[in-house]
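One structure below.
Derivation of every value follows stated rules applied to the coordinates shown; laboratory data play no part. Just so we're clear, the structure is a prediction, and the values are computed from it rather than from any experiment. Neighbour counts run over all protein chains shown; Cβ positions are idealised from the backbone, glycine included.
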Amino acid sequence: MRIAIIGTGTVGSGLARAAVSLGHDVVLTAQHPEHATKVAEDVGARAAATAAEAAKGADMVVLAVPSTAVAGISDKIRREVERAIVIDPTNPLEPDLSGVLESTLSVAEEIAVLLPGTRVVKAFNTVFGGFLTQPVVDGVQLDGFYAGDDAAAKTAVAELVAAMGLRPIDVGALRAARSLEHMAFLNISLNARKGLSWSSGWKLLGDVGEPAG
Ligand SMILES: NC(=O)c1ccc[n+]([C@@H]2O[C@H](COP(=O)([O-])OP(=O)(O)OC[C@H]3O[C@@H](n4cnc5c(N)ncnc54)[C@H](OP(=O)(O)O)[C@@H]3O)[C@@H](O)[C@H]2O)c1
């Protein structure tokens, strides 16, 4: 699969490393092209100069950027992602991590409005970047929650989530991304307020249903 990752920070680089190790063709881009080049060299991916160039021909496009950058990037990739699955791992937080940015819609739903006709799936936002290549805490496999409106797109993302070592959990329609963004904030704010080591992760116990789309 060809996967474009826009943003090469903690999340983008972690996802890139995991996807390359699974044999995917990964293309990276960042705001500063030299950052993408550096990470691409580190993980064995390719770098592209612009988001549009990275997204062209991709099966999946991951927006691993601050939520505030999503609208501008959407304008640049709109024509390139008509047939792609757009994965949204963002969390719309205040810069000091003190709260969730006020909005009626989740970022994932906003992306669906910005990119009409594109299949958007919320995924990876509840997993701290350090766990993307090894999603295990105290010997327990972390959960990878995802939400979306397109069953086939969710199945494809669930397969990627599972291949990366997370247990995929389908939480429903894209609207459920609102819950996922608040779940992520709960864990983030716990670590930020208490000065913890960012080593906690989400695990749901009991029957969680089938991990299908
Ligand atoms: N950190 C985590 O553990 C974690 C976990 C789950 C979800 N998230 C969410 O995932 C997203 C990324 O988080 P992060 O921690 O990886 O952030 P980060 O380390 O700050 O990296 C952000 C990346 O986005 C790029 N970027 C910013 N504006 C851009 C634009 N207009 N066009 C192209 N690239 C742009 C930056 O490019 P440059 O490198 O050139 O500056 C950088 O590579 C955020 O929404 C965050 O809330 C984070």
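Counting alpha carbon pairs within less than 8 Å and at least 6 residues apart, what relative contact order, in whole percent, applies to region 2-194?
Averaging sequence separation for qualifying contacts and normalising by length gives 18 percent for region 2-194.
Helices meeting the span-like rule in the chain (full DSSP H runs, Cα extent of at least 15 Å along the helix axis, mean Kyte-Doolittle score of 0.0 or higher): 10-21, 151-163. When restricted to Cα atoms, the chain yields an Rg and a Dmax of 15.8, 45 Å, respectively. Would you mind telling me the antiparallel percentage of the DSSP bridges in the chain, rounded to 5? Once the DSSP bridges in the chain are tallied, antiparallel ones form about 20 percent.
Highest GNM mean-square fluctuation among K122, K154, K76, for the chain modelled with Cα contacts below 10 Å: K76.
Within the shell defined by Cβ-Cβ distances under 9 Å, the residues around V70 carry a net charge of -2, with Lys and Arg each +1 and Asp and Glu each -1.
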